[in-house]
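Taking it in order: structure first as structure tokens, then the write-up.
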Amino acid sequence: MKIAIMGAMAEEIEPLLAQVENIKETTYANNKYYEATYQGKDIVIAYSKIGKVFASLTATILIEKFACDRLLFSGVAGAINKDLSIGDLIVANKLCQHDLDITAFGHPHGFVPEGGQFVYCDEKLLELSKKVAKNLDIHLYEGIIATGDQFVADNDKKAWISDTFCADALEMEGSSVGVICDALDVPFFILRAISDTADDSADVDFDEFLHNSAKISANFILNMVKEIE
Ligand code: ADE
């Protein structure tokens, strides 16, 4: 087994690189990939750069070039659900693309023919995350994550995403990674720690809490890697 661990930004993978061993760096398609080991397990770490296109490219390369057969995403998100506070962890049970719109043809938001409105995370990894959270005595939220190529810092937009998709959190990569993994038959898991609440102070909060929330997410992911069989 080879486990891919992906983030979108350098800040999201730095706490991972600080804790793994035997790092070998490879540059491919204008990006760096770090093969490494953690607790005797083979892993490959990369950050994609922000947004769905780069995230899709990196997920594909992790699977097709580096032969990863599980993919775990670690990063930060904006909260929609009022129960989520900065630093809280949320795992997606399903994800959607909030900016995919062919409603002009009578389809629901986020839907694409021959695709679906949502993509679903791997059940076994979801179950494992609950076990890990219990052992660590961490509250892990489970919910719907909405992805789009926009940093949302606006209450009206946030309310629209909430009403349209019942989403609990939003970010800019998860759903595209899910679509790639689903197509290539690789079980995937999307974890995010809250960095902001996607409102008019989201930009300031994001800058303030990015590092700490990224670390919270990365630490949880490494605890999952320990347990993956
Ligand atoms: N990732 C973290 N916060 C976000 C936000 N407010 N919008 C989009 N992606 C995010």
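The values are calculated or read from the model by the stated rules, or taken from the named source; none is laboratory data. Quick caveat: nothing in here was measured; it's all calculated off a predicted structure. Cβ: placed from backbone, ideal geometry, glycine included. Neighbour counts: every protein chain shown.
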- Message: Show me the strands (runs of 3 or more DSSP E) found entirely inside segment 27-108 where at least 3 residues are buried (at least 16 other Cβ atoms within 10 Å of the Cβ), touching a residue at least 40 places away in the same chain (Cβ under 8 Å) and within 16 Å of the ligand (Cβ to nearest atom).
- Response: 70-79, 89-97
- Considering every residue within segment 119-135, establish whether at least one is closer than 22 Å to Ala214 by Cβ, in contact (Cβ under 8 Å) with a residue 24 or more places away in the chain and of a type in the set (Phe, Trp, Tyr). no
- Residue match in segment 172-183 (condition: surrounded by fewer than 21 Cβ atoms within 10 Å (Cβ to Cβ), under 22 Å from Ser48 (Cα atoms), away from the ligand (no atom under 16 Å from the Cβ) and within 18 Å of the chain's Cα centre (by Cα)): yes
- Odd one out for Ile221, checked against (1) within 12 Å of the chain's Cα centre (by Cα); (2) assigned to a helix (DSSP H, G or I); (3) farther than 20 Å from Asp99 by Cα; (4) within 16 Å of the ligand (Cβ to nearest atom): (4)
- Task: Check Val112 against each of (1) assigned to a strand (DSSP E or B); (2) modelled with pLDDT under 95; (3) not charged (D, E, K, R) and name the one condition it does not meet.
- Result: (1)
- Counting just the residues of segment 143-161 that are in contact with a helix residue (DSSP H, G or I) (Cβ under 7 Å, 6 or more places away or on another chain) and assigned to a strand (DSSP E or B), which one comes out surrounded by the fewest Cβ atoms within 10 Å (Cβ to Cβ)? Ile144
- Query: In segment 134-167, what residues are over 18 Å from the mean Cα position of the chain (by Cα), within 11 Å of the ligand (Cβ to nearest atom) and among the charged types (D, E, K, R)?
  - Reply: Asp154, Lys157, Lys158
- Only one of (1) surrounded by fewer than 17 Cβ atoms within 10 Å (Cβ to Cβ); (2) outside any helix (DSSP H, G or I) is not met by Thr164, so which one is it? (2)
